[in-house]
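*Asks:* This structure is in structure tokens; I'll ask about it shortly.
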Amino acid sequence: MKISWMAILLVLALTLTGCLDSIGAVRSVGVQRSSDERGNPIVEENIGKIVPNKTTATDLVGLFGMPVRTETLGKNTIYVYEHCRSTSTGLSALGMGQSGSSEKCNRLTVTLDPQTDLVKNHNWQKVF
């Protein structure tokens, strides 16, 4: 029985790259995707209810829930609300893999005067 060099090289290449397992079966090529969300969705209709020098921190919690984080900038308090979506993809072929991920966030930041507990200003960034 005559075996060509090309067939031997093909089997050798598939074995070395991990596409051919020990019983001679060729492994499949695959793409995997996953997604995840964090934070609560920000209700856009409620953003219009934020009024500088009138809306309080308590009002914000009633409209949007607890902020994801609270920061201090100078003498001001900043409430940060975020709703993020992250996606990951992976590709495997011929025993090699490649992956990537991305995250997109809708973000509402509200600046409060710590002495009066009133909103000074706000910024809404919608990405998705």
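Readers should treat all values here as calculations from the given coordinates under stated rules, not as data from a laboratory. Remember, predicted model here, so these are calculated numbers, not experimental data. When we count neighbours, we look across all protein chains shown, and the Cβ atoms used for this are built from the backbone with ideal geometry, even at glycine.
*Asks:* Between S102 and V127, 0.36 nm times their residue separation minus their Cα-Cα distance comes to what? Write down the numbers at each step before the final one.
*Replies:* Values: separation 25, 0.36 × 25 = 9.00 nm, distance 1.27 nm.
Additional length available on full extension: 7.7 nm.
*Asks:* Kindly flag which residue pairs out of K75/K126; K75/K104; K54/K75 have an alpha-carbon separation exceeding 21 Å in this structure.
*Replies:* Exceeds cut-off: K75/K126; K75/K104.
*Asks:* Could you tell me which trypsin sites (Lys or Arg not before Pro) in the stretch 31-103 are loop residues by DSSP with no more than 15 other beta carbons within 10 angstrom of their beta carbon?
*Replies:* Details: sites: R33, R38, K49, K54, R69, K75, R85; in loops: K49, K54, K75.
Counting only loop positions with at most 15 other Cβ atoms within 10 Å, the trypsin sites (Lys or Arg not before Pro) in the stretch 31-103 are K49, K54, K75.
*Asks:* Still on this structure, please answer the following. What list of ³J(HN,Hα) couplings, whole Hz, do you get for the stretch 74-84 from phi and the Karplus terms 6.51, -1.76, 1.60, once you set θ to phi - 60° and write x for glycine and proline?
*Replies:* For the stretch 74-84, the Karplus-derived couplings read x, 9, 8, 9, 10, 9, 10, 10, 9, 10, 10 Hz, x marking Gly and Pro.
*Asks:* Evaluate the charge dipole of the stretch 35-113 about its Cα centre and quote only its size in Debye, nearest 20, assuming +1 on the Cβ of each Lys and Arg and -1 on the Cβ of each Asp and Glu. Walk me through the numbers before you get to the answer.
*Replies:* Values: 8 positive and 9 negative charges, 23 e Å.
For this selection, approximately 120 debye.
*Asks:* Moving on to the next point. Could you put L108, L118 in order, starting from the residue whose Cβ has the fewest other Cβ atoms within 10 Å?
*Replies:* Numbers: L108 25, L118 16.
Going from sparsest to densest Cβ surroundings: L118, L108.
*Asks:* Right, next: Once both labels are modelled 7 Å past Cα along the beta-carbon direction, what's the E45-M66 spacing in nm?
*Replies:* 2.6
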